[in-house]
Amino acid sequence: MKITSYSLGALLLTLLALPAPTPAPADAAADPAPVGARHRHTGSEIGAFLTAFYGHHGPSVHDRDQRVSQQLKEKQAHAPSSDVLLCAQKEPSNEPWDIAVGPVTVAQSAGVGWATVTTRWGAGQPDTFTAYVRLDSRPIKLDDVICAG
């Protein structure tokens, strides 16, 4: 048997006698996510964004530059004869007569929201495509567009 000095034993007894630390309340716990990353866009925010972004005749030059993801800008760069934001062929002074944004669907687990966008180009049949927005994008931006046909 090994004999422990009195001072070491006294120290151990003192430490054991101290009250156990109590956990912090749930709301005081540190959130590892940055403040801006905690907000996720709602369906109504995405709907308002898409309605403002597309307007009645298509996105403005400013919106095309500032409110579109880099991925979508690259997609446009690889299709110079198409307008990927409207799923249409680029033609001088060609803009839709009207644009309507449908109801927004939000998939929290996928981190994305989307809506069907309908364009009318004169007397022809309306065209539709799906516009996607990442829920955590800051500022909110159009992330992708998938054409219907």
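Values in this text are rule-based calculations from the coordinates and carry no lab data. These numbers were taken from a predicted model, which means no experiment stands behind them. Heads up, the Cβs are rebuilt from the backbone with ideal geometry, glycines too, and the neighbour counts pull from every protein chain shown.
For the stretch 59-149, rounded, prolate or oblate, judged on the Cα gyration tensor with a ≥ b ≥ c (square roots of eigenvalues), a/c < 1.5 rounded, else prolate if a/b > b/c? Spell out each step's value before the answer.
Working: a/c = 2.00, a/b = 1.33, b/c = 1.50.
It comes out oblate by the Cα gyration axes.
What is the gain in length, in nm to one decimal, between Ile146 and Thr130 on full extension, counting 0.36 nm per residue of separation less the C-alpha to C-alpha distance?
Fully extending the segment from Ile146 to Thr130 adds 5.2 nm.
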Non-local residues with an amide H under 5 Å from the amide H of Lys90, with H modelled 1.01 Å from N and Pro and chain starts lacking one, are Ser82, Asp83
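With a ≥ b ≥ c the root eigenvalues of the C-alpha gyration tensor of the stretch 47-105, is it rounded (a/c under 1.5), prolate (a/b larger than b/c) or oblate?
Numbers: a/c = 1.78, a/b = 1.23, b/c = 1.45.
Here the stretch 47-105 falls in the oblate category.
Give me the extension gain from Ser82 to Ser69: residue separation times 0.36 nm, minus the current Cα-Cα distance, reported in nm with one decimal. Walk me through the numbers on the way to the answer.
Working: separation 13, 0.36 × 13 = 4.68 nm, distance 1.73 nm.
Roughly 3.0 nm would be gained on extension.
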Take the Cα of Arg120, step 7 Å along the line toward its Cβ, and report every residue of the stretch 79-102 whose backbone nitrogen sits under 11 Å from that point.
97-100
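I'd like the chymotrypsin sites (Phe, Trp or Tyr not before Pro) in the stretch 110-139 restricted to DSSP loop residues with at most 15 other Cβ atoms within 10 Å, sorted by number.
Of the chymotrypsin sites (Phe, Trp or Tyr not before Pro), the ones in loops of the stretch 110-139 whose Cβ has at most 15 other Cβ atoms within 10 Å are Trp121.
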